[in-house]
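A quick write-up on the structure given underneath.
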Amino acid sequence: MKRALTERTRRVPLGAALPVVAVVLAIAIVVAIGSGPIELTPRTVLAVAGHEILGLGPGAGPLETTVVMDLRMPRVLFGALTGAALAVSGAALQSLFRNPLADPGIIGVSAGASTGAVGAIVMLPPITGALVAWVVPASAFVGGLLATALIYALARPSAGTGTARLLLVGIAVGAAFSAATGFFTFAADDDELESVVFWQMGSLGSISWLRLAIVTLPVLLGLGLLMSLARRLDLLTLGERQAKHLGLDVNSTRRLVIVITALLTGATVAFTGTIGFIGLVVPHIVRLLCGPGHRALLPVSAVLGALLIVVADTLSRVVAPPAEVPIGLFTALMGAPFFLALVMRSRAVQL
Amino acid sequence: MSARQHGPVPQDGPPSGPRPSPTPCLEVHGAGFTIDGARLLEDVSFTASPGELVAMVGPNGAGKSTMLALLAGDLVPTTGEVTLAGIAPHRWTAKALARERSVMTQQHGQAFSFTVRELVEMGRAPHDASDEDDEIVAAALVDAEIADLAERDVTTLSGGELARTVFARTLTQSAAIVLLDEPTAPLDLRHQELLMQRARELADEGRCVLVVLHDLSLAARFCDRVAMFSAGRLAALGAPESVLTPERIEDVYRQKVAVLAHPVTGRPLVVPV
């Protein structure tokens, strides 16, 4: 009995965790918009945002307005959306595969997007920058979805061992796409190589209002859909057979989760390049805080993922101005030690 | 005996427990299952009715778990047919099937740190949320003697504690047909008894309970009928006293046994000699 009481599982309830991370995210967004080569105080940022968006208050000078509205706000908001998309996708896929090492890469979408983007960078004739700026994301998006579709078609997951097959086929197809990416990289000239490396380390540098507008609705929709699957994802963590015994249509749920996570990841990564670690680390942190139930896991992961990217992007802009360090370096740099600390602290890690 | 039989299955005297109601809710007709050329199950026929507790026994690899998987809808028979309430399991929608039958499998490894209570609550998943849910979950926690563990992380449980948790989840599913695959294997003496008593009660409440067991004495003590499997076939089906004879057990298990009478209940007690 004593053991039962002392080992009682401690958890932060959703009602406490979500508001706290949401407030921190809001603060981080304001600070992020104010940070960069031109420093703005939070007050200035809020004044501009209030004037431009809500039509309240006097606003600020034209320079400040341009910096906030045109340069930084779409980028920071896009970063937040990307973080939410990657973290929630990672959480859902870890549960689907019952594997804590799963992240959006497991269904091939990252490898496919890389191949698409790098292929476009290398194969396109030297055309105007404006066109390239759209062809590369489009190619990345298509590549990501193609890879996932190919994996799904080859694995033809059905009841029983479907998810295990999916995992193995995913590894094989992912390796093939990585080889293709390697081939394109090998064939690239110096200028192309620079773009390739930059894409692969991720950046929010190319975000505009238009790009934000393109992804916002689909991403919010995808996040909402995944959150509506919370109960089903809980059952999936028990394993396919048990989930089925409890009345879950495993095949359709699995298909739904894969399609939504591929779209979420593909849509955001297409514009930002590969941003690693968020999808892997954030769900773990949230599980340790709030437990594995998806009703809390998904929304808190969304907000924490958003927060992590907003902070990482801010760092990438301020450490070596005017240069921008790739954001992927910071997500890994911040995520790895934190993750490591959590792993070292927890008693047992089960794979 | 309500069972409609196909094939040479010995039919022995009436069950000594409560009389099963005459309409079977679970029917198996000439069912067989072959995978990669290996014949795991061949020409099995039996029926079971509400109110019955039926044990499925047999040596390792005799086909008990395969039979259970066919009944659960995990596998589709390659020959013959299996029906629950007249319909083949794979023709049900997953949710409707989960309201009709609950399953406790042998493996229940947990990948994530749900609490015992959360895991047990998942048994309510096939049902629409109702005010009774909390009551049903609380009762199941008590029945499985895991109320004290309710807030524990399931990944920290012992094998027996985890098995009791999964049994509690099976109870909360409130299904008419309950399939238990070696539920007592990881349990201590007391909890084996408790689990089988609860299974007995489920049958007495009018459910149809099928349980795979290795302990023949346990099967004899609690079950109305015993189905003995041997090399993928149903070797015998009937009341424990008639199925569990020394000759048959030696024949099927290749192990000499003596069958005694339980000093208190008088039920068969199977001991190796």
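What follows is calculated from the coordinates using simple rules that are stated; it is not laboratory data. It should be emphasised that the depicted structure is a prediction, and the values quoted were computed from it without experimental measurement. Glycine gets a Cβ as well: all are built from the backbone with ideal geometry, and neighbour counts include every protein chain shown.
Is the shape of the range A:57-200 rounded, prolate or oblate, going by the alpha carbon gyration tensor and its root eigenvalues a ≥ b ≥ c, with a/c under 1.5 for rounded and a/b larger than b/c for prolate? Oblate, since a/c reaches 1.5 and b/c is not below a/b. Across the options B:Val166, B:Ser230, B:His108, the greatest Cα extent toward the positive end of the charge dipole of the range B:26-272 (unit charges at beta carbon of Lys, Arg, Asp, Glu) belongs to B:Ser230.
This ranking places B:Arg254, A:Arg232, B:Arg198, B:Arg91 by how few other beta-carbon atoms lie within 10 Å of each, fewest first, which gives B:Arg254, B:Arg91, B:Arg198, A:Arg232.
Mean per-residue shielding of peptide B:118-128 is 4, counting Cβ atoms of other chains within 10 Å of each Cβ. Loop sites by DSSP among the GluC sites (Glu not before Pro) of chain B, restricted to those with at most 14 other Cβ atoms within 10 angstrom, leave B:1-131 as the longest stretch without any of them. Charges were assigned to the Cβ only: +1 to each Lys and Arg, -1 to each Asp and Glu. The resulting dipole of the range A:10-322 about its Cα centre is roughly 1500 debye.
GNM remark for chain B: springs join alpha carbons under 10 Å apart, and the peak mean-square fluctuation among B:Leu179, B:Leu260, B:Leu202 falls on B:Leu260.
Sorted largest first, the spans of the alpha carbon positions of the range B:118-273 along the three principal axes are 52, 33, 30 Å.
Mean-square fluctuations from a GNM of chain A, with a 10 angstrom spring cutoff on Cα atoms, peak among A:Gly170, A:Gly79, A:Gly182 at A:Gly182. For the range B:184-273, the gyration tensor built on C-alpha atoms gives a prolate shape. Its axis ratio a/c (a ≥ b ≥ c) is at least 1.5, and a/b is the larger of a/b and b/c. Considering only A:Ile285, A:Ile121, B:Leu40, the residue lying farthest towards the positive end of the dipole of the protein assembly as shown is B:Leu40, judged by Cα position with unit charges set on Cβ.
Peptides A:94-105, A:201-212: what's the order by average Cβ count within 10 Å, highest mean first?
Numbers: A:94-105: 22.4, A:201-212: 18.6.
Top of the packing list down: A:94-105, A:201-212.
I'd like to verify something in chain A: which complete DSSP H helices, judged by Cα projection on the helix axis, reach 15 Å or more and average at least 0.5 on the Kyte-Doolittle scale? For chain A, where a helix must reach 15 Å along its axis and average at least 0.5, the hits are A:14-34, A:73-97, A:109-123, A:129-155, A:162-187, A:209-228, A:250-272, A:278-290, A:294-318, A:327-345. Hey, how much of the P(r) for chain A falls beyond 27 Å, as a percent of Cα pairs? Across chain A, Cα pairs with separations above 27 Å total 48 percent.
Antiparallel beta bridges, as assigned by DSSP with both residues in chain B, represent about 55 percent of the total such bridges. Among A:Thr261, A:Thr65, sorting on how many other beta-carbon atoms sit within 10 Å of each Cβ, with the fewest leading, yields A:Thr65, A:Thr261.
How would the protein assembly as shown be classified by its alpha-carbon gyration tensor: rounded, prolate or oblate, with rounded meaning a/c under 1.5 and the a/b versus b/c comparison settling the rest? Prolate shape, in that a/c is at least 1.5 and a/b is the bigger ratio. For the range B:26-272, the relative contact order works out to 25 percent when only alpha carbon pairs closer than 8 Å and six or more residues apart are counted.
With the simple model of a label 7 Å out from the Cα in the direction of the Cβ, B:Ser158 to A:Ala26 spans 5.0 nm.
Using only side-chain charges placed at the Cβ, +1 for Lys and Arg and -1 for Asp and Glu, the dipole size of the range A:196-351 relative to its Cα centre rounds to 460 debye.
Between A:Phe183 and B:Asp133, take the C-beta separation as r, use R0 = 51 Å, and let me know the FRET efficiency to the nearest 0.05. Intermediate results must be reported in sequence, preceding the final value.
Numbers: r = 56 Å, r/R0 = 1.11.
Efficiency computed from Cβ-Cβ geometry: 0.35.
Each Lys and Arg contributes +1 and each Asp and Glu -1, all at the Cβ; summed about the Cα centre of the protein assembly as shown, the dipole is approximately 360 debye.
Per-residue Karplus couplings for the range B:60-71, computed as 6.51 cos²θ - 1.76 cosθ + 1.60 with θ equal to phi - 60°, are listed in order as 4, x, 7, x, 4, 5, 5, 4, 5, 5, 5, 5 Hz, Gly and Pro entered as x. Per-residue shielding of B:150-163, expressed as the average number of other chain Cβ atoms within 10 Å of the residue Cβ, stands at 3.
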